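A.B. asks: I have a structure I would like to understand better, so I am pasting it below and will then ask my questions one at a time.
The values are calculated or read from the model by the stated rules, or taken from the named source; none is laboratory data. Small disclaimer: the values here were computed from a predicted structure and weren't measured. Cβ sites come from the backbone with ideal geometry, for glycine too, and all protein chains shown count toward neighbours. When the accessible area is computed, the model is the full protein with side chains, heavy atoms only, and any ligands, DNA or RNA have been set aside. Shrake-Rupley method; radii C 1.70, N 1.55, O 1.52, S 1.80 Å.
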Amino acid sequence: MNYLEKKSYIIQAGYLAISTKPANFCAVCGSGVVVIIWDRLRRTGGMAHCILSGIKTGEKPTNYHSEYAVPRLAFEILRNNSDTSELEAQLFGGAVENHSFKKTRHIVNSARKILRKMRINVVSEDVGGIVGRKVIFNTFSGEAMVLKTKLIRRSDWAPEYWLGYAKG
């Protein structure tokens with residue numbers, strides 16, 4: 001299946017998505033973390049885009065929080081009769097320019113800790129530094145493409161050009 005036959009979705013901060021059909025999930029990440037979980041046997045996967053960690057007492061957990069979104073992403077994928085031994089994860093983000101190093105490191109470490117606790121192997125990560133990441137994840141192949149950039153505004157993101165099927 002080629003890129004032209006896949007749907008592409010932009011996963012913004014505070015969202016997660018899962019697809020059992022081939023798709024491309026795209027995200028632009030600065031100080032937060034993009035977590036990808038892929039089932040290599042069923043060739044399905046998902047992405048969570050978290051920008052917060054440390055749910056405060058009385059605060060409603062949301063997909064913005066890594067402590068909530070990462071387990072939720074894993075459980076949704078496991079619903080499709082997966083086993084954690086068939087899953088692999090990738091982490092991207094955690095840039096610290098104009099943000100607290102402690103805050104961004106906590107978001108990344110929280111995601112790592114949850115994945116380790118769930119026994120999901122992290123096969124790749126690109127975190128830290130001062131630049132953001134633009135990520136494209138192919139849910140069928142499990143491949144991720146990452147572009148490091150200082151330009152992380154929404155207007156800078158055009159996955160249709162990256163994937164080679166822009167019209168015009």
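A.B. asks: Show which lysines lie in cross-link reach of residue 117 when reach means a straight Cα distance below 24 angstrom and same-chain residues fewer than eight apart are skipped.
C.D. replies: 56, 60, 102, 103
A.B. asks: Could you check the simple spin-label distance between residue 83 and residue 118, using points 7 Å along Cα→Cβ, in nm with one decimal?
C.D. replies: A separation of 1.8 nm, rounded to one decimal place.
A.B. asks: Binned at 5 Å from 0, what are the whole-percent values of the Cα-Cα distance distribution for segment 1-141, short to long?
C.D. replies: Going out from 0 Å in 5 Å bins, segment 1-141 shows 2, 11, 21, 24, 20, 12, 6, 2, 0, 0 percent.
A.B. asks: If you take the beta carbon distance between residue 57 and residue 130 as r and set R0 to 41 Å, what does 1/(1 + (r/R0)^6) give as a FRET efficiency, to the nearest 0.05?
C.D. replies: Working: r = 33 Å, r/R0 = 0.80.
The calculated FRET efficiency here is 0.80.
A.B. asks: Something else: Over segment 42-114, with the other protein chains present, what is the accessible area per residue in square angstrom, probe 1.4 angstrom? If you can, show how the numbers build up before the last one.
C.D. replies: Values: 3700 Å² over 73 residues.
So segment 42-114 comes to 51 Å² accessible per residue, rounded to a whole number.
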